[in-house]
Amino acid sequence: MRILVVGSGGVGDAVARIAARRDFFEVMVVADVNLARAERTVEAARAGRARGAATAGEPGDERFIAETVDASDAAAITALARRYAITHVLNAVDPRFVLPVFEGALAAGADYLDMAMSLSRPDPEQPYARTGVKLGDEQFGQAQQWEDAGRLALVGMGVEPGLSDVFARYATDHLFSTVDELGTRDGADLEVLDDDGNPVFAPSFSIWTTIEECLNPPVIWEADRGWYTVPPFTEPEVFVFPEGIGPVECVHVEHEEVLLMPRWLDARKVTFKYGLGEEFIGVLRTLHTLGLDSTAPVRVRSADPEHPGPVAVSPRDVVAAVLPDPATLGPRMRGKTCAGLLVTGTGPDGAAREVYLYHVVDNAWSMAEYGAQCVVWQTAVNPVVALELLATGVWSGSGVLGPEAFDAVPFLDLLRAPEPAGFGSPWGMEEREPRG
């Protein structure tokens, strides 16, 4: 397996740090539009490998190579993949670049993985009632081309989507005879601190992606209705997260699980709710009110005295530029993040059952072990697990497939198993009192 990672931001950087401890691949090319950033990631991955092998006197890990690439240029993705005889392209950039990376990988004859799918476009007439172009529609529209080429595009293989979808397959295969709802629930008790130790507003994940998924019309799926939309932040519920995180208010958010799970799994309803918190929701509402969530360029006067003419900038890109890079927040963060799936329905014994399958990562642990903050580490570990299963032939397939299309047990076993056999990242399961 020869891997091209497109993007060395927080998640791409964590992918390389995690992969450095594994032996299932020959080469990992880390490519970014900013070569210096890719080089920093490669340096960190090589150093991590060297530390792990220090007693044997081995040098740094030469499997890692830094390159530059423009993720918006499908031809550039293809050329870089061909140059290094890449077998698998892992997309670790914002979802606005999904299609060029996706199409560039196919043209190169490589398999493909991503952690977020192609973007949606709301229905122009009734955005809060019916769907327009849904997340992933443009990728699933090319499924036949991938199948005809004998190539695999494994889409939505992060943590959410990704691990939550693996949990859904596990629950429907092993824990339930019938499923009423597959409800992804994501929450955390994370804080980012300033130099004086006071909490400050600083999103722990890409603000560009967060704005996209939180302000678009959330999608819900019901067996007797299909996919439909509701206004953002509707149906708030207080969900109690495990391992000391506690109660967090969660609201509907647009997310890939709702578009993926019904394609492979039987359930009466599929939802996604995110624990944003009152402050974060307030900030997002303000950005929307001011038009700062827009991706359409606006013309503004340049601040450069040597080039004073107007320049075109995207308001959302400006918001992203003025906030701290999530990859740099780890030393200032404290707390835990939880990704999980609440499943309700009937157990194999015919009795009502409610189970929460979850994965918690403590920021102190991920920083100490990998030098990566917990949110990006939790996202990054899952595609690396999937790549190892594909490399060993435990998972295989062709076409455009979600995580639900594969047996969940090998994935969950490999994720949980202690190092060096596995990734040493346990997941949990809580039996909860079924709701009436």
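So the values come out like this:
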{"quantity": "Value of [θ]222 nm, deg cm²/dmol, for the chain, DSSP H segments ≥ 4, -39500 (n - 2.57) each, nearest 500", "calculated": "-10000 deg cm²/dmol"}
{"quantity": "Heavy-atom accessible area ranking, 1.4 Å probe, most first, across Thr392, Thr289", "calculated": "Thr289, Thr392"}
{"quantity": "Cα-based equivalent ellipsoid of the chain: semi-axis lengths in Å, sorted from largest, via gyration tensor", "calculated": "30, 28, 24"}
{"quantity": "Distance between modelled label sites at Ser398 and Ala312, nm, 7 Å Cα→Cβ extension", "calculated": "4.1"}
{"quantity": "5 angstrom amide H check on Arg432, placed H, neighbours 5+ away", "calculated": "Glu354, Val355, Tyr356"}
{"quantity": "Formal net charge of residues neighbouring Ala408 (Cβ-Cβ distance under 13 Å; K, R +1; D, E -1)", "calculated": "-3"}
{"quantity": "Size descriptor, Kirkwood hydrodynamic radius, that averages inverse alpha-carbon separations across the stretch 341-386, Å", "calculated": "12.8"}
{"quantity": "Computed log₁₀ I(q)/I(0) - Debye formula, equal Cα scatterers, no solvent, the stretch 95-163, q 0.15, 0.26 Å⁻¹", "calculated": "-0.52, -1.14"}
{"quantity": "Rough spin-label spacing in nm, given labels placed 7 Å along Cα→Cβ, for His174 and Tyr228", "calculated": "3.5"}
{"quantity": "Kirkwood-type radius of the stretch 60-104, with distances r between different C-alpha atoms, in Å", "calculated": "11.2"}
{"quantity": "Distance histogram in 10 Å bins (all Cα pairs of the stretch 303-403, percent per bin)", "calculated": "11, 22, 25, 24, 12, 4, 1, 0"}
{"quantity": "Distribution of pairwise C-alpha distances over the stretch 262-337, 10 Å bins, in %", "calculated": "13, 27, 28, 22, 7, 2, 0"}
{"quantity": "Rounded percent of accessible protein surface that carbon and sulfur make up, the chain, 1.4 Å probe", "calculated": "51"}
{"quantity": "Radius, Kirkwood style, for the stretch 386-436 when every pair of distinct Cα atoms is counted (Å)", "calculated": "12.9"}
{"quantity": "Arg46, Arg316, Arg353, ranked by accessible area, largest first (probe 1.4 Å)", "calculated": "Arg46, Arg353, Arg316"}
{"quantity": "Solvent-accessible area per residue for the chain (1.4 angstrom probe, square angstrom)", "calculated": "41"}
{"quantity": "Distance (nanometres) between label positions extended 7 Å along Cα→Cβ at Ala107 and Arg263", "calculated": "2.3"}
{"quantity": "Fraction of alpha-carbon pairs over 25 Å apart in the stretch 110-257 - percent", "calculated": "40"}
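The values are calculated or read from the model by the stated rules, or taken from the named source; none is laboratory data. Here the structure is a predicted model, which means the values were calculated and not measured. Cβ: placed from backbone, ideal geometry, glycine included. Neighbour counts: every protein chain shown. What goes into the accessible areas is simple: the full protein's heavy atoms, side chains included, and nothing from ligands, DNA or RNA. Shrake-Rupley method; radii C 1.70, N 1.55, O 1.52, S 1.80 Å.
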